[in-house]
Ligand code: CA
């Protein structure tokens, strides 16, 4: 499981050492880049499984690194931002980053993010080549072709919007989706980004999906950022 190769992009030697020491202790393989240009080069040369990307780099904005990598690869990118860079973090997610860590972060948080990403990669590999019209995650099953969803073989009675939301989340398991991304995908670009309405639809979807809405198993809330569907074992 820990065979992932990780590209660590961080110009701050102290943070970089914390990350690489942790990776080494947990048997992850890694390569290093200390600026944006090097990051893009290493990503194309080594095709790593995951990129850990600091957003504040000396030569270019981390978001630019994401844009460049996304021209040829969907490799998971976890951005590392300082607390003051909240808007940057959301922009990075909108540009195709998968997840984020906020400085200062603990070793446990870093490892947890890598486990989530590892599960996402495993699911992506398991689903490639399979019949993609059926999605399963824990007790949840979605039959995209038939347009219906089931929980423990019981059909879920979803409104069209709830179903669209659920499909979008399922197609991005393990990835944090921003409010903007979700509202644009579900309602189209004419929608005025009404986060309050999204929250209402998400709450009704969860009531149908989660056995304990207070400790959701499937859909995680990222306050001020968006939502993520978790891979359920
Ligand atoms: Ca930095």
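The values are calculated or read from the model by the stated rules, or taken from the named source; none is laboratory data. It should be emphasised that the depicted structure is a prediction, and the values quoted were computed from it without experimental measurement. Note that each Cβ is placed from the backbone with ideal geometry, even for glycine, and that neighbours are counted across all protein chains shown.
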For residue 164: the one exception among (1) under 29 Å from residue 201 (Cβ atoms); (2) away from the ligand (no atom under 16 Å from the Cβ); (3) within 13 Å of the chain's Cα centre (by Cα); (4) surrounded by 14 or more Cβ atoms within 10 Å (Cβ to Cβ): (3)
Hits in region 38-65 (condition: buried (at least 18 other Cβ atoms within 10 Å of the Cβ), in a loop (DSSP other than H, G, I, E, B) and more than 16 Å from the ligand (Cβ to nearest atom)): 48, 49
Count of residues meeting criterion [surrounded by 15 or more Cβ atoms within 10 Å (Cβ to Cβ), assigned to a helix (DSSP H, G or I) and within 12 Å of the ligand (Cβ to nearest atom)] in region 1-18: 2
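Looking only at residues in region 66-82 that are buried (at least 20 other Cβ atoms within 10 Å of the Cβ) and under 26 Å from residue 106 (Cα atoms), which one is farthest from the ligand (Cβ to nearest atom)?
Residue satisfying both the conditions and the ranking: 76.
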Residue that is farthest from residue 122 (Cα to Cα) [pool: residues in region 167-193 that are in contact with a helix residue (DSSP H, G or I) (Cβ under 7 Å, 6 or more places away or on another chain) and surrounded by fewer than 19 Cβ atoms within 10 Å (Cβ to Cβ)]: 191
Residue pairs meeting the criteria (Cβ under 6 Å; at least 6 apart or on separate chains; first at positive phi and at pLDDT 95 or above, in region 55-75; second more than 14 Å from the ligand (Cβ to nearest atom) and in a loop (DSSP other than H, G, I, E, B)): none
Residue that is farthest from residue 75 (Cα to Cα), among those in region 25-37 that are assigned to a helix (DSSP H, G or I) and out of contact with any strand residue (DSSP E or B) (no Cβ under 8 Å at 6 or more places or on another chain): 25
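Which ones in region 116-136 are at pLDDT 85 or above and exposed (fewer than 13 other Cβ atoms within 10 Å of the Cβ)?
133
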Qualifying position, being in contact (Cβ under 8 Å) with a residue 60 or more places away in the chain and outside the structural domain of residue 220 (by TED's automatic domain parsing), among 26, 14: 26
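For (1) within 30 Å of residue 86 (Cα to Cα); (2) surrounded by 17 or more Cβ atoms within 10 Å (Cβ to Cβ), each residue gets a yes or a no:
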residue: 138; (1), (2): no, no
residue: 146; (1), (2): no, no
residue: 156; (1), (2): no, yes
residue: 159; (1), (2): no, no
residue: 196; (1), (2): yes, no
residue: 199; (1), (2): yes, no
residue: 226; (1), (2): yes, yes
residue: 232; (1), (2): yes, no
